[in-house]
Each structure stands twice: as structure tokens, then as C-alpha cells.
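Working notes, beginning with the structure itself.
Just so it is clear, none of the values below were taken in a lab; they were calculated from the coordinates. Computed from a predicted structure; not experimentally measured. No Cβ is skipped: glycine too gets one built from the backbone with ideal geometry, and neighbour counts run over all protein chains shown.
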Amino acid sequence: MSTRSYAAADSATMLRRNLRHALRYPSMTVSVVGMPIIMLLLFVDVFGGAMSVSLAGASNNVATYIDYVVPGILVMTVGSGSMPTAVAVCTDMTEGIVARFRTMAISRASILTGHVVGSMIQTMLSVGLVIGVSLLLGFRPTGDPLRWIAAITVLAMLTLALTWLAVALGLVTRTPEAASNVVMPLFLLPFISSAFVPLATMPTGVRWFAQYQPFTSIIDTLRGLLMGAPIGNSAVIAIAWCAGIALAGYLWARTVFNRGPAH
Amino acid sequence: MGIAVTPFASPALSAVGLRKAFGPLIVLDDIDLEVPTGTVFSLLGPNGAGKTTTVQILSTRIPADAGQVAVGGHDLRREPDLVRAAIGVTGQFSAVDNLLTGQENLILMADLHHLDRGVGRRRSAELLDRFDLVEAATKTASTYSGGMRRRLDLAMTLVGDPSIIFLDEPTTGLDPRSRRSVWQIIRDLVAGGVTIFLTTQHLEEADQLADRIAVLDQGKLVAQGTPDQLKAMIPGGHVRLQFADASGLESAARSLGAVSRHDDGLVLQVPNDGSVRSLKVLLDRLADHSIEVDGFSVHTPDLDDVFLAVTGHHRHQEVAI
């Protein structure tokens, strides 16, 4: 009974289990989609008028504020999708069921793979929903289908990266409450980036941070792909960040998980 | 080395020189165990003795620091997946998925054992029926009572048809009725040829179920044998009589013969096996002599007595692991 030959079957079983959890207890999934949509409404309809002033003169190739802000909102959607992942992983580890899995002749990796694939599906569905709402609110992207595919690929890469990071964070935290707290920065970091206002409008220190943090390069890449704004070297930096975070998150999660129970 | 080992003679489980420490705390100190196939082996000991750690090591959850262990004929270190395929584990803390229904939990196990879809569904239905969970099958496990949860836990362990089952304190926290039903399940399993490795804090439970008992104290095996051998090592039960005054104590001591008396507390301890017949004899004799007794209690030997007998000290308070 080789473990390897069953890795795919076991991962599919674990994926079914995680999706069933999400369907049965949708409140967290709903809040994951709800939060970015509230942000979108808030920034477009409430702050939008004031915000467009800051866009004047910036070479973003955007006609309205909503066209500027949607790429940032999409990244935020991916960021908030990491919360249910971390909470679900942490909850799993504190319950006895994973202890049972560890004594069964199954592919151990399937436990984490099931979480990662399940979270990717949920987060990408959320992204799709947020794109739909944006279009209804007047978002008018200029990108052709090829650029759309590229944009979705970037979002998928970011999702993979943040999901592995969230899995690792879920493994090292001891309570679901703590898990939901440690992933908060993933949701908040986009605020200090080019998501809502151009970097040029920020004071020097903040601008320096915003310029070099991962989300700015990813948002600029998305904006370039969807709105035809100049991308420059942002795409390369964005891909490097995603690959780096994904690899680090994966290795961290694998190490912590294989170390086994604390006692 | 020409040591002939026939497959029939190989034990279900054997451990030699098992050691485990968590930092400076030695949890298991040179443990040797052997469990013949088709028998019930009970590891008896108080909280913190190392019972759960032993189960965790033998069931491949955590590695041992040293020792040779074979489970189901497979080396624990070299072939953990073959060991896992042979065993089932029901731990002290319930290992069910609280967000799934009882039925979904069982089908999850069937899928992870790679059973055919139809076979898995049939097995789940059988187990739900056998463990009296048919009505609760479509309710989520989080709504189950402690006894139901333990039954579901056991049913999940049985989906893969294991030949060796580890039960870590399977009746802790259960009411007497649920405890008896778990005992019956264990007896049925043994009748079906399964080997059981059971840990418990209760002498009575080990006595009821086990072919062989090993007593674990602070990470060391302090006694091993059949329940009868073990009970022969400990003092028998007694009846404790409390008197209102010294004259009552005096006349009772005279009429009852061989007793141990504690004049300070006005207490007599009369050897007695606690059976109805011997209690009646004792009560009749007290009535014949018109002796007034203030308090009366029956004491049967318990884990405390075992520990006192085999270690010379009372069992320890909880040791944090």
C-alpha cells in the first residue's frame, strides 16, 4: 500500500472534506467576499470624489477612480481569503481528527494539499464575484482577453503564495482566534500601497515602504494588464514576490507539519 | 543468525527497550512489551504515567528516542505505512470531524482507506447500525453526546478493518451505561480475532477486559501479569465499621475476631471480599450480638492498592507532560 500512489486520491478526499466544511459554514466565506465589496463601495461612492483629485496628473491611464482602485480591491480580496484558510488549518490541528489522519496509511501531504486547493478555489471564486460587482459599479477595463488571462494568472499566483503562508501561520498558532489575528496584515498591507492612491502623494517614509512592499508591484502589474497602464519592471518583481512567498510558506508549513504534535 | 520465527508465533506487538524523553523529563524508561495476537493487553497507570505517550509511539504518531518496536510484524521505524495499514487508533480525545455528520465521517474514513464507493457506503451503514447511530447519522458530530461521539470514534477506527486496535482510555468521561457498551464492543472485537492494546486508569476495566495487564508508573513498568496474578499481589477488600463509643468498638472487636482496630477513630477494619453472602454473614453476626454500628462502608481493592503493593508508595498526583 504505497503512500505515493494514493496522494492524488487522498488529496481529492481532503479537498471534498474542506469544501463541505466551507459550504456548511459559509459565514466566514461570505465575510471574505463581503469585506472587499464594502471597501469598493466605500472608496468609490464615498471617498471617490476626493480620491480622483489625487489621480490628476498621475500617468495611470485611468478615466475614473473605480478603474484605478479595482486592482487593489482584487488583491485585498485575495488577502482576506487567507483568513479562513489560517483559521481552518488551525482548527484542524487543535482537533483530534488530524491526529487520526496521522495514524492512517494515507499521503500526509494530502492534508495540507486539500486545504490549499480548497482555499484557492474559494478565493478565486471570491475574486470572480468581486470582479462582477466592480463591472456592475462601472469598472471599465481596457485589457484584451490575453491580458485578462495574464491578470487572472497573477491573481492565482498571489493566491497560491498567500494560501501557503496562511497554512503555515495556521499551523504555528494555537487557537483559531490567534490564527485570524496573525493574517490581518495580509488584509491591511494593501492600504499602504498603490492600491488607493498613487505613491507620489505619500510622505517620503511611507512612500519608501509602499514602493518596496510586495503588494504594490502586484497591484501595478494588475493595473497595467487591466487598464493598459505602464507596467515597467513591476511584473518581474511581482512574480518574484509571489514565487518567493509561496516557496517560503510551503517550506515553512511542511516543516511545521512534519514535526508533528507538540507533545 | 538462525533464529527460526514462524509467522504464527509472532506477536501482534513487541517492544524492547522503548525510551522517550521530552526535554529533561523522562516519560518512558526502558519499556519492554509483548502482546500475543488476538489478546487484550492493558496498560494500567495513573495520569502522567506515560500511557498516552506509549500509544502515540506505537501508533506511529511520535518517534521513540530508542527501542525496537514491531507492530503487526512490521518495524515501526522502517515501515511506518505498513504499520498504519494494520492498526486502528481511538485516542483519549475524540478524533471525529465535528463539522461533518456521522455518516460523512465514516465515508471519509472509507475514502481514505481507498474502499470502493459501494463498499464504503455499505460498511458505513453497517457500522452506524452496529453502533446504534442510525438516527444520528445525518446530524453533525458536534451535536453528539459524549457516548455517541465515542461510539462514532470507534466506528471510524473500524472502517479500515484493522487487526490491531489501540484504545487510549476509551471509557474516560463516559457514564456507566456508555462504559458498559464500550466494553461490550471491545469483547465483540476480540471475539472476531482483533488484538487490543488498551490503556486505562481503572483496575476494574483492565480486570474486566484484559488477558494481560502491565502497570506503568512514572515511565517504568512496575508489574506485569494476568489480572489474577496482579490481584493476588494486592491486599483483599475490607469493611470499615465506625462506632459511636469505645464500648461498642470493644464488644465488636471481641465478637468478630481477627480485625484491625483503630481505637482513636473508633474504627474497625474487617477483611471481606465485598460479596453479598459474606456481607450478610458479617451483618448477621453484628445483629446477633446487638452491636450498634454508626457507619459502614465496603472497600474493594483499586488502583491505589495495586500501586501501594507493587511500588510501595501511593500513586502520584498528576505529572504534567
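Below are the figures for this structure:
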read-out: Residue exposure sequence - A:Leu222, B:Leu25, B:Leu99, A:Leu15 - by fewest surrounding Cβ within 10 Å; value: B:Leu25, A:Leu15, B:Leu99, A:Leu222
read-out: Residues A:Ser194, B:Ser124, B:Ser14, sorted so that the one with the fewest Cβ neighbours within 10 Å comes first; value: B:Ser14, B:Ser124, A:Ser194
read-out: Estimated inter-spin distance, B:Val293 and A:Ala12, nm [label 7 Å along Cα→Cβ]; value: 7.0 nm
read-out: On Cα atoms only, tilt of A:65-94 relative to the major axis of chain A in degrees; value: 10 degrees
read-out: Region B:11-25 - phi-based ³J(HN,Hα) in whole Hz, Karplus 6.51/-1.76/1.60, Gly and Pro as x; value: x, 5, 8, 9, 9, 10, x, 6, 9, 8, 10, 9, x, x, 8
read-out: Other-chain or far-sequence residues with amide H under 5 Å of B:Asp217's (modelled H); value: B:Val222
read-out: Nearest-20 debye value, chain B charge dipole, Cβ charges on Lys, Arg, Asp, Glu; value: 740 debye
read-out: Principal-axis tilt of helix A:7-24 within chain A, Cα atoms, nearest 10 degrees; value: 60 degrees
read-out: Charge dipole of region A:68-204 about the Cα centre (unit charges at C-beta), most positive-ward option of A:Pro71, A:Ala179, A:Thr153; value: A:Thr153
read-out: For the protein assembly as shown, size of Cβ-based charge dipole, Lys and Arg +1, Asp and Glu -1, in debye; value: 2020 debye
read-out: Furthest towards positive pole of dipole, A:Phe47, B:Leu266, A:Cys90, structure part the protein assembly as shown, Cβ charges; value: A:Phe47
read-out: Helix A:234-259 axis, angle to chain A major axis (alpha carbon atoms, nearest 10°); value: 20 degrees
read-out: Proximal lysines to B:Lys51, defined as alpha-carbon separation beneath 25 angstrom and excluding residues fewer than eight positions away on the same chain; value: B:Lys20, B:Lys220, B:Lys231
read-out: In order through region A:196-201: 3J(HN,Hα) via Karplus (6.51 cos²θ - 1.76 cosθ + 1.60), integer Hz, x for Gly, Pro; value: 10, 9, x, 4, 4, 7
read-out: Estimated dipole of region A:4-259 in Debye, rounded to 20 [Cβ of Lys and Arg +1, of Asp and Glu -1, Cα centre]; value: 800 debye
read-out: Long-range HN-HN contacts of B:Phe22 with modeled amide H, under 5 Å; value: B:Val27
read-out: 222 nm mean residue ellipticity, helices alone, for the protein assembly as shown (DSSP H n ≥ 4; -39,500 (n - 2.57); rounded to 500); value: -17000 deg cm²/dmol
read-out: Beta bridge orientation in the protein assembly as shown: antiparallel %, DSSP, nearest 5; value: 65 percent
read-out: Residue range of chain B that is longest and free of GluC sites (Glu not before Pro) which are both DSSP loop and sparsely packed (at most 13 other C-beta within 10 Å); value: B:136-291
read-out: Table column - 3J(HN,Hα) (Hz), region A:118-133, Karplus curve with 6.51, -1.76, 1.60, x for Gly and Pro; value: x, 5, 4, 4, 4, 5, 5, 5, 4, 4, x, 5, 5, 4, x, 5
